Amino acid sequence: MARRPQIFFVGRLAAMRNNEMSLREKVWQVNWSLIVLAMLISGIGIAMLYSAANGSFDPWASRQAVRFGAGVMLLLVVALIDIRIWFRYAYVIYVVALVLLVAVELFGVSGMGAQRWIDLKVLQLQPSEVMKVALVLALARCFHGMALEDISRPSSLILPIAITLAPVGLVLKQPDLGTAMMLLMGGAAVFFCAGVRLWKFVLVGVAALGAIPVAWQFLREYQRQRVLTFLNPEIDPLGAGYHTLQSKIALGSGGLFGKGFMQGSQSHLNFLPEKQTDFIFTMLAEEFGMIGGLTLLALYAILLTYGIAIALRARNQFGRVLAMGLTWNVFLYVFINIAMVMGLVPVVGVPLPLVSYGGTAMLTLMATIGLLISVYIHRDVRISRRGLGIEV
Amino acid sequence: MALIHEDNERSKTFTRRALLLGGGQAVLFSTLAARMYYLQIIESDRYKMLAEDNRINLRLLPPPRGRIVDRYGVPMAVNQQNYRVVLVREQARDIEQTLDMLGRVIDLSEYDFQRVMREVSRKRAFVPVTVRDYLNWEEVSRIEVNAPDLPGVNIEVGQTRSYPYNEEMTHVLGYVSAVSEDDLTGDPMLELPGFRIGKQGIEKQYDGTLRGAAGTSQLEVNALGRVIRELSREDGKPGQDLVLTIDAALQTYTHERLQAERSAAAVVMDIHTGDLLALASAPGYDPNLFNVGLSNEVWNQLVKDPLAPLTNKAIAGHYAPGPTYKPMVALAALEAGISPDFKFFCPGFMQLGNARFHCWKKGGHGTVDMYQATQQSCDVYYYELSKRVGIDRMSAMAKRFGLGATMGIDLPGERPGVIPTREWKLANIGEPWQLGETLVSAIGQGFVLTTPLQLAVMTARLANGGKAVVPRLTRQAHGAQKTETPEAAGFPDMGIPSAHLQVVQTGMDLVTNNVRGTAYRARIEEEGWEMAGKTGTSQVRRITMAERAAGVTKNEDLPWRRRDHALFISYAPVRAPRYACAVIVEHGGGGSKVAAPIARDILIETQRRDPSNTPPIAQVGGQPSKRG
């Protein structure tokens, strides 16, 4: 009882600050340092795109800069929207993303042997990128309403599992094993944060391993081939294996200080594949050496730390889970991309966040940061199980 | 309250697990940094090297091949600009249309068209594809004029070997041709497209000298192999020019003279220096064919031709020397102590047991001495000499004169011939020597085989006073002992008394310059240029008893393949010998009638062309006489 005034005080402050905040108050709360961080990372990306085009803003750097500008707008809008709105429309956004995934199956443009994007003229929309955010939103909402006891009941996990597996299945059908794995790992992280017991992960993992031989029987021959090539790129030495080798050569030859801006022979003589998209980190490491590579890695580490800090400070479960899930997603992007260009994991089409050339990925990431900031601004808002309101 | 408690529990769980995930991220990021350290610091040198390997392409610059010139500097093998028209796909708008247009400007076969279409689709867009080689000047200018309508069509200049003298020089020069699988030695220059190496003759013998050393060009290339820029360049060493001892004009003259016969060979040699002024073998073939690449049909024709145009008969033709071998027998007899005045009666044959050995003159020569026997080529007299001397001493003399072994001349394909001995027969045939075979050997038949080159060298050694002169085709880039011009004095003396040599020389003088000599009708009349010689008619068939009884069939009535070989060895001028000449006309008939006139004409031409010679009489300088 003695602590009541304190609780009241906090509650009042919270009510004053969050539940009915004015736009000005919100703008004041916006985490500007996070935006500056995004700007630094994107700036490095634009510089590398300028170099990739042999010292020209055309065709990549200028467009990427425009997209970053649009991304900042999007970020601010997303950040300022009340988190309860995001909570309420989480499922809607998820369903829209799911429909887009079906649409890409029907009207999509093929690229790199898989159906990946829908041509919207303004930008080529990659629904699978949108889904990475939408899935976390939907799962966060799903777990928001569940107490630990609910979560311990297997039946309550049916819905989140279905939410996760639906897009995974669609993406697999494209077929894009890399993105499917990322969705699965992103979903699993949310399950983990929400408090699902560890033994259940172990159980699912063992079950999945056991299911592999069974699933193998249902795959067509070309699908099996694709999976095999994915697991072992050496099967196709002039394809993925060649790319990895050239990427390692570029990285290694960069040394500690690099060859200098626009001096990377591997990138500029086209030995490096996809240097403006998936292999842009290699180019950075070739031209600026290990110093350049570690600098970018440090910037990402700061970004991720911010994300985790925001998750830890949020007082509503939706915000916490959302922030952690999104941060984990960004981490997956960065880790898989850099591990891939250094030959640690097989080559999969995963862009480097904010640096790789690509519209959907840039906008999705700016929206992700926007959502993180939104969680930060609305960290003390109480969200009812239904959405708006302050009742618990 | 339960809910709040539960919420706290949930929040604690979340915090714990979020920190766990964050820790996991930190660990994984550390592995990335560690990997970066491994690649960029520890393994950096290796990858730097690989990156340079990627970036830099070494390109070989083939050196220009050395020229081959004759003794007066007249070029006999040169490099010519080879203009070829190439097509670059990425510069052409429509390849088919461009080729059609090109076909209207120059001749393009349907085959060329198909080949270009195929190559263009297979090669990278910036790699030029050769449409046609060896354009003439008119075609080049027509393409240049139409250049605006021919996008992507360029003219490139390369070098190609060209032999201005056609087949008259082939057997000396040989030819260059594309590198075959067997020629590869690991020298990357040989793997250059279009590279040519010597495959025959001087071109093969001195390939290393003529070839030179390749230069290199360091090029920066991109991943597709397109050249970005040249980083550095090291010029190669061009091949050395080669000066031959051949006199191109004399060689041409000799060849023309031989070509009148179906198949013949002739060698002209400086008896003091060993310089070969002419080394001709007819028929020949066009060496330029091999450079461009000849068709199977032409190749088969050359190989199957009974006249063997691919063989250099002057160094690789094995012929029974016939009576041109008699000087060797005479010298062996003289050395054995037989006097040149030794007389013997020739009844037209010699009886040896059951066998009868005939003289070429049916009625016989009567009593002759060594001079007369040589002059009239009396076989019976030489049978007698050989009986007295024996095969081994005869053959030993022949070998001292260079017969029966290769001369080591700087041409590939030289053959050694055969000078038989008792030992040789036992080793090679497995039977003991017969006396009859000694008689046959004495007139240069039986096992005895020589090449025209060997006969020329033998003649030279007879004429130069018994010096072991060695023939040569080049004056430079040979052995050390040949770099300075060695006169006959430089060659070792064979130890034959000059009195002995004089007997043979006198005999040979009589052959051409005495009315009763076998080659009197083919003598050189120009004063001071007279030649001495020895005729030879060697049988290539056996004359049966029945035929001899019925009268020996005349050569003209025999099929060509069975006619006698006609030979003649000679040197001139007879007073102060300078040149030796050996001629063989395959299946030509009589040596005096066929071979001697050719030798005469060649020796006249040789002396006429001798720069140190002032013409002795006014009539020289006109057309060489063709009497005989």
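The values are calculated or read from the model by the stated rules, or taken from the named source; none is laboratory data. Owing to the predicted nature of the structure, the values given are computational and were not obtained by experimental measurement. So basically every Cβ, Gly included, is an ideal-geometry build from the backbone, and we count neighbours across all protein chains shown. Keep in mind that these areas ignore ligands, DNA and RNA; they rest on the heavy atoms of the full protein, side chains included. Shrake-Rupley method; radii C 1.70, N 1.55, O 1.52, S 1.80 Å.
Remarks
- Rounded to the nearest 5, the antiparallel percentage of DSSP beta bridges internal to chain B is 95%.
- Take each residue in B:50-60, count the other chain C-beta atoms within 10 Å of its C-beta, and the mean is 4.
- Highest-MSF residue in chain A out of A:Ile41, A:Ile83, A:Ile161 [GNM, Cα springs under 10 Å]: A:Ile161
- Loss of accessible area when B meets A, both sides summed, Å² nearest 100, probe 1.4 Å: 4100 Å²
- Counting only alpha carbon atoms, the long axis of helix B:391-400 and the longest principal axis of chain B meet at about 50°.
- Positive-pole candidate from B:Cys359, A:His378, B:Gly588, dipole of the protein assembly as shown, charges at beta carbon: A:His378
- Under the Debye formula (equal points on every Cα, no solvent term), log10 I(q)/I(0) of segment B:177-258 at q = 0.10, 0.15 Å⁻¹: -0.43, -0.76
- Share of pairwise Cα separations in segment B:4-162, more than 27 Å, in percent: 60 percent
- Accessible area per residue for segment B:82-209, computed on protein heavy atoms with a 1.4 Å probe, is 53 Å².
- Estimated vicinal HN-Hα couplings, Hz - segment B:553-561 in sequence order (Karplus 6.51, -1.76, 1.60; Gly, Pro = x): 4, 6, 3, 4, 8, 8, x, 3, 4
- Antiparallel DSSP beta bridges within the protein assembly as shown, as percent of all bridges there, nearest 5: 95 percent
- For the set A:Met181, A:Met342, B:Met494, solvent exposure ranked by accessible area (probe 1.4 Å, protein chains only) runs largest to smallest as A:Met181, B:Met494, A:Met342.
- Restricting segment B:520-589 to trypsin sites (Lys or Arg not before Pro) that sit in a DSSP loop and have at most 11 other Cβ atoms within 10 Å of their own Cβ leaves B:Arg542, B:Lys554, B:Arg575.
- Between 0 and 90 degrees, the angle of helix B:596-609 with respect to the longest Cα principal axis of chain B falls at about 60 degrees.
- Rounded, prolate or oblate (a/c below 1.5 giving rounded, otherwise prolate when a/b exceeds b/c) for chain B by Cα gyration tensor: prolate
- Peptides ranked, highest mean first, by Cβ atoms within 10 Å: ranges A:145-154, B:437-446: B:437-446, A:145-154
- Rounded if a/c under 1.5, otherwise prolate or oblate - the protein assembly as shown, Cα gyration tensor axes: prolate
- Estimated distance in nm for a label pair at A:Glu25 and A:Leu120, the labels positioned 7 Å out from Cα along Cα-to-Cβ: 3.3 nm
- Interchain or long-range residues, amide H under 5 Å from A:Phe257's placed H: A:Met290
- Averaged over the residues of B:27-34, the number of partner chain Cβ atoms lying within 10 Å of the residue Cβ comes to 5.
- Near the amide H of B:Arg161, within less than 5 Å, lie the amide hydrogens of B:Gln80, all on another chain or at least 5 residues away, with H placed in the peptide plane.
- Estimated inter-spin distance, A:Ala147 and B:Lys362, nm [label 7 Å along Cα→Cβ]: 14.6 nm
- Residues in segment B:207-226 occluded by at least 20 Å² - accessible area, probe radius 1.4 Å, against chain by itself: B:Asn222, B:Ala223
- Tilt relative to chain B, helix B:498-513 - C-alpha long axis, 0 to 90 degrees, to 10: 80 degrees
- In sequence order, calculated HN-Hα J values of segment B:338-351 (Karplus, 6.51, -1.76, 1.60; Hz; x Gly/Pro): 6, 7, x, 8, 4, 10, 8, 9, 10, x, x, 7, 10, 8
- For the residue pairs B:Lys204/B:Lys313; A:Lys200/B:Lys12; B:Lys313/B:Lys387; B:Lys326/B:Lys593, alpha carbon separations beyond 21 Å are given by B:Lys313/B:Lys387.
- Label zone of A:Arg313 (point 7 Å out along Cα→Cβ, amide N under 16 Å): in segment A:359-375 this covers A:369-375.
- Ordering of B:390-403, B:207-220 by packing [mean C-beta count within 10 Å, highest first]: B:390-403, B:207-220
- Phi angles of segment B:357-370 translate, via the Karplus equation with coefficients 6.51, -1.76, 1.60 and θ = phi - 60°, into HN-Hα couplings of 9, 8, 8, 5, 8, 4, x, x, 9, x, 7, 10, 9, 5 Hz per residue; Gly and Pro are given as x.
- Sorting B:Asp182, B:Asp241, B:Asp410 on solvent-accessible area from highest to lowest, probe radius 1.4 Å, gives B:Asp182, B:Asp241, B:Asp410.
- Between A:Ala215, A:Ala285, A:Ala180, the residue with the greatest mean-square fluctuation in the GNM of chain A (Cα pairs under 10 Å linked by springs) is A:Ala215.
- Largest accessible area first, the listed residues A:Ser384, B:Ser109, B:Ser498 line up as B:Ser498, B:Ser109, A:Ser384 when surface is computed with a 1.4 Å probe on the assembled protein chains.
- Global form of segment B:124-255, assessed from the alpha-carbon gyration tensor, a/c cut-off 1.5: oblate
- Long-range amide H partners of B:Tyr134 with built H, under 5 Å: B:Tyr83
- Beta-bridge orientation, segment B:59-243: approximately 95 percent antiparallel, per DSSP, counting only bridges with both partners inside.
- Listed residues B:Asn82, B:Ala314, B:Leu567: farthest to the positive end of the dipole of the protein assembly as shown (Cβ charges): B:Asn82
- Only one residue of B:Gly73, B:Val140, B:Pro238 has its Cα farthest out toward the positive end of the dipole of segment B:59-243, where Lys and Arg carry +1 and Asp and Glu -1 on Cβ, and that residue is B:Pro238.
- Cα-based Rg of chain A normalised by 2.2 N^0.38 Å, two decimals: 1.03
- For the peptide A:265-276, the mean number of other protein chain Cβ atoms found within 10 angstrom of a residue's Cβ is 4.
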